[in-house]
Amino acid sequence: MIDPRLATLAHNLVNYSVAAKKGDRVLIEANGVDAVFVAALIEEVYRAEALPFVEISDSKIQRALLNGLTEPQVKDLARYACMRMNEMDCYIGVRGGQNIYETADVPSDKTLLYAKLYAHPVHHNIRVAKTRWVILRYPNESMSQLAQISTKQFEDFYFDVCNLDYAKMDKAMDALICLLDKTDTVRITAQNTDITFSIKGIPSKKCSGHMNIPDGEVYTAPVKNSVNGRITYNVPSVREGKKFENVELTFKNGKIIQAQAGALTERLNQILDTDEGARYVGEFAFGVNPFITKPIGDILFDEKIAGSIHFTPGSCYEDSANNGNTSAVHWDLILMQTPEYGGGEIFLDGVLIRKDGMFVPKELTCLNPEKLK
């Protein structure tokens with residue numbers, strides 16, 4: 001018998017997140033996920049009188065595929081996947097797997113080839129731009145280990161986070177959207193961080209359960225050439241099976257001119273040299289999910305931490321906060337500004353709007369954790 005909380009989650013994904021309608025084609029991609037949950041999603045799609053399409057994979061399969069990947073092969077894979085994605089109205093991606101480092105030994109040239117020639121055209125150019133989509137992490141014991149809590153504690157945390165009242169969150173975000181859309185200059189300060197940039201003329205967007213679960217962010221993008229200063233990210237980021245810590249980026253007129261990450265500095269710079277756009281920023285976002293208070297090593301959770309921001313080297317979202325930057329890279333790197341992580345401040349046009357992770361103006365306090373729970 002399925003956990004009723006999973007049944008609720010499946011219902012919300014189909015009916016709220018992607019809002020499947022009669023006749024919609026819904027692609028469900030499941031990687032390392034229990035068949036019971038995939039079946040629950042299929043049943044919910046049918047209840048909505050929509051049409052489910054399903055692809056099952058696993059991180060071990062992905063590792064094996066990537067290790068032998070060739071350029072002609074990945075181009076064919078992308079061509080087939082693009083044809084299918086172009087036919088879809090909705091997309092639900094559920095990602096599990098017991099080992100976040102499963103692809104750690106895949107050669108970097110293979111992962112870059114896959115990012116450039118498959119992930120970018122299929123997911124960025126089509127799925128993000130043309131479908132109603134949502135991405136979800138599936139709970140398992142590996143995630144409990146990442147969070148350093150018991151399986152039972154993690155399950156309770158997971159369902160608090162994923163099944164919260166996203167409609168309430170959506171309404172609370174309106175005031176911040178209104179303020180950002182009137183803002184020119186942003187300044188962010190924290191330990192080893194002092195950075196300024198403009199967001200003038202760049203739309204902002206709220207993320208309240210329609211594209212990611214868990215969700216809880218409001219994002220925009222800097223004017224491409226406006227970023228100056230230094231930012232030091234205090235949340236580790238796992239990419240290509242490697243754990244990057246204390247990533248420090250220095251900007252001049254929008255471009256990353258210096259990048260450090262300890263022993264992984266060389267690999268960091270290789271990623272930032274993927275293409276011209278990888279050294280510019282495509283996203284600036286506030287994290288506001290009240291149930292996520294510390295990093296667990298999973299980006300879909302960590303980028304939503306209440307009191308955090310992420311400042312993202314690489315591609316912008318062309319359908320929303322479009323600053324003109326394109327890249328095969330989109331790397332959400334996170335800075336926590338709560339007191340436990342050293343605090344910090346955010347100013348919009350010189351006015352303090354968040355201090356030590358808490359919103360200050362009265363009209364924004366509805367986004368503080370105690371109001372959103």
Subject >> Considering residues of the range 22-35 that are open to solvent by 50 Å² or more (accessible area, probe 1.4 Å) and in contact (Cβ under 8 Å) with a residue 40 or more places away in the chain only, the residue nearest to Cys162 (Cα to Cα) >> reply: Asp34
Original post:
Could you list, in sequence order, the residues of the range 122-158 that are open to solvent by 30 Å² or more (accessible area, probe 1.4 Å), assigned to a strand (DSSP E or B) and more than 13 Å from Ile296 (Cβ to Cβ)?
Top reply: Arg132
Original post:
Looking only at residues in the range 206-233 that are open to solvent by 30 Å² or more (accessible area, probe 1.4 Å) and among the hydrophobic types (A, V, I, L, M, F, W, C), which one is farthest from Gly254 (Cα to Cα)?
Top reply: Met211
Original post:
Has the range 291-310 got at least one residue that is under 19 Å from the mean Cα position of the chain (by Cα), more than 30 Å from Ser142 (Cβ to Cβ) and surrounded by 22 or more Cβ atoms within 10 Å (Cβ to Cβ)?
Top reply: no
**OP:** Kindly provide the set of residues from the range 159-187 that are assigned to a helix (DSSP H, G or I) and open to solvent by 50 Å² or more (accessible area, probe 1.4 Å), ordered by number.
**Re:** Asp160, Ala167, Lys168, Lys171, Asp174, Cys178
**OP:** Would you be able to tell me the number of residues in the range 246-274 that are buried (at least 17 other Cβ atoms within 10 Å of the Cβ), over 25 Å from Val218 (Cα atoms) and touching a residue at least 24 places away in the same chain (Cβ under 8 Å)?
**Re:** 3
**OP:** Give just the number: which of (1) closer than 27 Å to Lys200 by Cβ; (2) modelled with pLDDT of 95 or more does Asp319 not satisfy?
**Re:** (2)
Subject >> Answer from Tyr91, Tyr80, Tyr101 - the residue that is under 30 Å from Ala20 (Cβ atoms), of a type in the set (Phe, Trp, Tyr) and open to solvent by 30 Å² or more (accessible area, probe 1.4 Å) >> reply: Tyr80
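The values are calculated or read from the model by the stated rules, or taken from the named source; none is laboratory data. As the structure is a computational prediction, the values presented were derived from the model and not from experiment. Using ideal geometry, Cβ is built from the backbone for each residue, glycine included, and neighbour counts are taken over all protein chains shown. Keep in mind that these areas ignore ligands, DNA and RNA; they rest on the heavy atoms of the full protein, side chains included. Shrake-Rupley method; radii C 1.70, N 1.55, O 1.52, S 1.80 Å.
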